[in-house]
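Let me begin by presenting the structure, written as structure tokens, before commenting on it.
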Amino acid sequence: MVKAMIKSPGSKYSAECSACDGGSKKPKACRQLLTQVAKGCRCRIRGHNAQGAIRQRLLDMGFVPNAEVEMVRCATLGDPLEMRVGDYYVALRKREASLIEVQTA
């Protein structure tokens, strides 16, 4: 979920996540899906809506509760998404990322 578009020196536009409040020092926390987190924002995993083999695979890749995730980038057409979990990078399909609930800030 994108709150605002702001200009940044390195690129034409830069999106910020809904928890990032331009001028405030402490962003407010909110719950959302992993697909709604904008590029560059960090969040913590709160839970999964996945079941079976998909859930187990996500847990094996490090998408466990309270793990910190950073959205690195999104492919040109929006799928897949690249994230940093711990000290490694993972690419997830959008439909799998939409099964993960996160809390920003």
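Some observations on this one:
- Ranking of 60, 87, 79 by count of other Cβ atoms within 10 Å, fewest first: 87, 60, 79
- Placing dummy labels 7 Å off each Cα toward the beta-carbon, the span from residue 88 to residue 56 is 1.8 nm.
- Simple label model, 7 Å out from Cα along Cβ direction - residue 72 to residue 42, nm: 1.6 nm
Throughout, read-outs are computed from the coordinates displayed, never taken from laboratory work. In this text, all values refer to a predicted model and were calculated from it rather than measured experimentally. Heads up, the Cβs are rebuilt from the backbone with ideal geometry, glycines too, and the neighbour counts pull from every protein chain shown.
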